[in-house]
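Have a look at the structure below, then the notes.
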Amino acid sequence: MTVSNTSKRRQPSLAQLRAFSAVAEHLHFRDAAAAIGMSQPALSGAVAALEETLGVTLLERTTRKVLLSPAGERLAVRAKAVLEEVVALLEEAEAVRAPFTGALRLGVIPTVAPYLLPTVLRLVHDRYPDLDLQVHEEQTANLLEGLTTGRLDLLLLAVPLGVPGVVELPLFDEDFVLVTPLGHPLGGRSGIPREALRELNLLLLDEGHCLRDQALDICREAGRADAPVTTTAAGLSTLVQLVAGGLGVTLLPRTAVRVETTRSDQLLTGYFSEPAPTRRIALAMRTGAARRAEYQELAAALREALRPLPVRVLGGDRPAAAAR
């Protein structure tokens, strides 16, 4: 039996790799130590031990800042990949032990959370009582960052995303409706043409919300060249109250209508002619997720649970990959 020189070398520990990866990300020892819950002296010692084990200088230290050496730049990528594989190994082991147990960190966008979470939570409580569901409400960009870095396991949000390494499990399509103040000529009407959006004072959410981008896309499809932004809001509840106060009109997804429009008696709802503008809601997971089969089963269960809502539930025979 021949033993290679590589197998005789000392092996870096996971703690050393984790310390170096944190420093490579933050380029600051104190911030890196805080990020991984390690004392600064212990982190410095772990990085120094890794340099000794590998026989290369990973960092260039000065009194003012920390920089990656050329070797550090290359090996930081490898270290991150190793740590991600270790996380995947642990997830795989947990999934094999018992499906639908342990923690599931679900990220949800703000324009979905208040309207779908009651159904999601009821489903999990009734069907998967041993699942520790942890909900994080954030905007799409933050959710995707959390998914790709392993901070989150599964997302509930509007698609398509077009992000490499992310697989979408479509749940349903839902129409947008027009919400107006009392006395507005389009209030309470059906068969509203999209072209009517060209002339309306449309109120939007702040930048960063995918619903804002969808509303702007709908306006462009209707032939509106300018961005109709005079007043914005951080959430749909505020947006609807601005409409009730007569500042303009807005677009709401159907799942939000009952919750938001019952807050005021100064609102009317109008419906677009077919085909109405829509959005698609899906679960999203990492490609090759260890708990892929569980997430697919959860998506199928959610589709059935969501049927009473004013949505068009989609088939789930083949999950859609955002990027191949």
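The values are calculated or read from the model by the stated rules, or taken from the named source; none is laboratory data. What you see is a predicted model; the values in this text were computed from it and never measured. We place every Cβ from the backbone using ideal geometry, glycine too, and count neighbours over all the protein chains shown. Only protein heavy atoms, including side chains, enter the accessible area calculation; ligands, DNA and RNA are left aside. Shrake-Rupley method; radii C 1.70, N 1.55, O 1.52, S 1.80 Å.
Take GLY165 and decide whether it is surrounded by fewer than 17 Cβ atoms within 10 Å (Cβ to Cβ) and either small (Gly, Ala, Ser) or in contact with an Asp or Glu (Cβ under 7 Å, 6 or more places away or on another chain) (or both). When the stated conditions are applied, GLY165 passes them. On the given criteria, is GLN241 part of a helix (DSSP H, G or I), open to solvent by 50 Å² or more (accessible area, probe 1.4 Å) and either polar (S, T, N, Q) or at pLDDT below 70 (or both)? In short, yes. Take the residues in the stretch 49-81 that are charged (D, E, K, R) and assigned to a loop (DSSP other than H, G, I, E, B), then tell me which one is farthest from ALA19 (Cα to Cα). The selected residue is ARG64. Of the residues making up the stretch 171-199, those that are open to solvent by 20 Å² or more (accessible area, probe 1.4 Å) and either within 30 Å of LEU143 (Cβ to Cβ) or of a type in the set (Ser, Thr, Tyr) (or both) are ASP173, ASP175, SER190, ARG194. Being out of contact with any Asp or Glu (no Cβ under 9 Å at 6 or more places or on another chain) and either under 29 Å from GLN296 (Cα atoms) or at pLDDT 80 or above (or both), is that true of even one residue in the stretch 214-225? Yes.
The number of residues in the stretch 244-255 that are part of a helix (DSSP H, G or I) and either touching a Ser or Thr at 6+ places or on another chain (Cβ under 7 Å) or under 13 Å from PRO181 (Cβ atoms) (or both) comes to 1.
Filter the stretch 123-147 down to residues that are surrounded by 15 or more Cβ atoms within 10 Å (Cβ to Cβ) and acidic (Asp, Glu) and give me whichever is nearest to ARG212 (Cα to Cα). Here the answer is GLU138.
With respect to being in contact with a strand residue (DSSP E or B) (Cβ under 8 Å, 6 or more places away or on another chain), open to solvent by less than 40 Å² (accessible area, probe 1.4 Å) and in a helix (DSSP H, G or I), VAL120 fits the description. Being assigned to a strand (DSSP E or B) and open to solvent by less than 60 Å² (accessible area, probe 1.4 Å) is the filter; apply it to the stretch 263-280 and report the residue that is nearest to ASP175 (Cα to Cα). Across the stretch 263-280, the extreme among qualifying residues is ARG279.
Scan the stretch 281-302 for residues that are surrounded by fewer than 18 Cβ atoms within 10 Å (Cβ to Cβ) and either modelled with pLDDT of 90 or more or of a type in the set (A, V, I, L, M, F, W, C) (or both) and jot them down. Listed by number, the residues that qualify are THR287, ARG292, ALA293, GLN296, GLU297, ALA300, ALA301. Show the residue pairs that are 6+ apart or on different chains and have beta-carbon atoms under 8 Å apart, the first residue being within the stretch 175-199 and of a type in the set (Asp, Glu), the second being loosely packed, with under 13 Cβ neighbours inside 10 Å. If the second residue must be loosely packed, with under 13 Cβ neighbours inside 10 Å, the pairs left are GLU195/GLY223.
Scanning the stretch 92-112 for residues that are open to solvent by less than 10 Å² (accessible area, probe 1.4 Å) and more than 17 Å from HIS125 (Cα to Cα) turns up GLY107, VAL108, ILE109, THR111, VAL112.
The condition (being assigned to a helix (DSSP H, G or I) and farther than 20 Å from ALA256 by Cα) is satisfied by just one residue among GLY162, GLY146: GLY146.
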